[in-house]
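Undergrad: Got a structure for you, written out below as structure tokens; questions coming shortly.
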Amino acid sequence: MNESLSDALVKSGIELGTLAIKGTATMVNSKIQSVKNNRDINEVRNTYNEIVNELLSEREEAIRIAQSYKAEYEKVSIGDDDIEYLHNTLEKAIQLLNTFTGNEDKESTNSMDQFIALLNKDTLKTMQLLGFNYKEAIGIPLTEVCSNAIKIKLGGLTNNNIKQNKRAGK
């Protein structure tokens, strides 16, 4: 789990904990009990307005926290339709990259076929349920492969130049 995701979840957890221990139910109950015997209609109305406003405020806070949890979940989660689309697109991209790099020998093709088979819906869903962050695990290396292929083919760089640039932080 990356640091920004962890920080966001910790912050939301703290806010949720604060909201939970606030004791709204106890506060509402005690205010209702205190105004039951009160004969001043303006004071009763003001107290009920306070209660309603407090409840609305806490509801908004709970919704905001839930939305932040949902947003963090969506950063690492993918739906079944997206997994199907991902598999089909990556299969085409990997085959294209394999021909682009000129590694069309039987061993390379077999390795690519195994990699494509690994990226099926069941495997990706199972890995996701186990906590695997496929976006980082697949997205970052695929980006590097594409980048290196472009640098080598179009930029005239060699693998050694790319490795040296990475070490130098370029």
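The numbers here are math on the coordinates, done by the rules we state, and not lab data. Note that the coordinates shown come from a computational prediction; the quantities given were computed from them, not determined experimentally. Using ideal geometry, Cβ is built from the backbone for each residue, glycine included, and neighbour counts are taken over all protein chains shown.
Undergrad: Under 17 Å Cα-Cα from LYS75, which aspartates and glutamates qualify once same-chain neighbours fewer than 8 residues away are excluded?
TA: LYS75 reaches GLU3, ASP7, GLU136.
Undergrad: Still on this structure: The stretch 65-129: which chymotrypsin sites (Phe, Trp or Tyr not before Pro) are DSSP loop and have at most 10 other beta-carbon atoms within 10 angstrom?
TA: Numbers: sites: TYR69, TYR73, TYR85, PHE100, PHE115; in loops: none.
In loop regions of the stretch 65-129 (DSSP not H, G, I, E or B), there are no sparsely surrounded chymotrypsin sites (Phe, Trp or Tyr not before Pro).
Undergrad: With N set to the number of residues, divide the alpha-carbon radius of gyration of the stretch 39-123 by 2.2 N^0.38 Å and report two decimals.
TA: Cα Rg divided by the expected 2.2 N^0.38 Å: 2.32.
Undergrad: Once phi is turned into ³J(HN,Hα) by the Karplus curve 6.51 cos²θ - 1.76 cosθ + 1.60 with θ = phi - 60°, what whole-Hz value does each residue of the stretch 14-22 show in order, with x for glycine and proline?
TA: Using θ = phi - 60°, the values come out as 5, 5, 5, x, 4, 5, 5, 8, 4 Hz.
Undergrad: OK, next. Taking the stretch 30-89, which trypsin sites (Lys or Arg not before Pro) meet the DSSP loop condition and have no more than 13 other C-beta atoms within 10 Å?
TA: ARG39
Undergrad: Roughly speaking, what is the centre-to-centre gap between the stretch 28-91 and the stretch 125-140 when only Cα atoms are used, to the nearest Å?
TA: Comparing the Cα centres of the stretch 28-91 and the stretch 125-140, I get a distance of 30 Å.
Undergrad: What pairs from LYS121/LYS153; LYS11/LYS36; LYS22/LYS70; LYS106/LYS151 go past 27 Å between their alpha carbons?
TA: Details: LYS121/LYS153 32 Å; LYS11/LYS36 39 Å; LYS22/LYS70 23 Å; LYS106/LYS151 25 Å.
Pairs exceeding 27 Å: LYS121/LYS153; LYS11/LYS36.
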